[in-house]
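Data block below; observations after.
The values are calculated or read from the model by the stated rules, or taken from the named source; none is laboratory data. Keep in mind that this is a model prediction, so the values were computed, not measured. We place every Cβ from the backbone using ideal geometry, glycine too, and count neighbours over all the protein chains shown.
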Amino acid sequence: MGQSELRLIKNAVEYIPKEQFKIIPRMLRGIYVLYKQRGVKNAKSHHYDVVYIGMATRNIRSRLNQHTKSRQKSEGWSHFSAFEVWDNISDDEIEELEGLFRHLYRFDSRANALNAQKGYKKIYRIRKTTEQLWKL
């Protein structure tokens with residue numbers, strides 16, 4: 001397998017049916033996304049709504065397994081994507097990536113359906129500092 005072209009992301013899979021979460025090797029760290037497929041099930045629809053963005057500093061597969069068993073979340077998603085980070089990416093950097101994506105989707109009604117945390121406080125603080133600096 002060749003080396004990734006990306007600085008942060010080592011490996012990625014996208015739009016995998018949730019029943020196949022076990023294809024993810026154990027102990028992968030990174031960001032994952034839960035989607036709800038729109039349209040007819042089993043159709044070749046390429047329309048997916050983001051319903052949750054999460055992170056795993058230890059095990060993406062374990063987090064996906066938890067979501068399949070969760071009463072609150074299990075029915076709300078049909079597919080997932082997973083983005084493994086390189087070993088030299090810290091847990092704080094993974095948290096920052098997740099926070100940024102959550103922040104971007106904070107006002108999306110579908111994405112917020114399963115997200116308890118709708119924003120990222122560190123982005124809010126940076127934005128306030130930038131607004132003062134740039135005199136906005």
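Residue-by-condition table, conditions (1) hydroxyl-bearing (Ser, Thr, Tyr); (2) surrounded by 18 or more Cβ atoms within 10 Å (Cβ to Cβ); (3) within 18 Å of HIS47 (Cα to Cα); (4) without any contact (Cβ under 8 Å) to a residue 12 or more places away in the chain:
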position	(1), (2), (3), (4)
SER74	yes, no, no, yes
ALA82	no, yes, yes, no
TRP86	no, no, no, no
ASP91	no, no, no, no
LEU100	no, no, no, no
ARG71 of a type outside the set (Gly, Ala, Ser) and either within 14 Å of the chain's Cα centre (by Cα) or at pLDDT 95 or above (or both): no
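Can you name every residue in the stretch 74-89 that is touching a helix residue (DSSP H, G or I) at 6+ places or on another chain (Cβ under 9 Å) and modelled with pLDDT of 90 or more? Before you say what the answer is, go through the steps one by one.
Here is the first cut: in the stretch 74-89, the residues touching a helix residue (DSSP H, G or I) at 6+ places or on another chain (Cβ under 9 Å) are 74, 76-80, 82-85, 89.
The answer is TRP77, SER78, HIS79, PHE80, ALA82, PHE83, GLU84, VAL85, ILE89.
Residue by residue, here is whether (1) touching a strand residue (DSSP E or B) at 6+ places or on another chain (Cβ under 7 Å); (2) modelled with pLDDT under 95; (3) within 17 Å of ILE94 (Cβ to Cβ); (4) of a type in the set (Asp, Glu) holds:
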position: GLU19; (1), (2), (3), (4): no, no, no, yes
position: ILE24; (1), (2), (3), (4): yes, no, yes, no
position: GLN37; (1), (2), (3), (4): yes, yes, no, no
position: ASP49; (1), (2), (3), (4): yes, yes, no, yes
position: ASN59; (1), (2), (3), (4): no, no, yes, no
Long-range neighbours under 7 Å by Cβ, at least six apart or interchain, first residue more than 16 Å from GLU84 (Cβ to Cβ) within the stretch 14-27, second assigned to a loop (DSSP other than H, G, I, E, B) and at pLDDT below 95: PRO17/SER78; LYS18/TRP77; LYS18/SER78
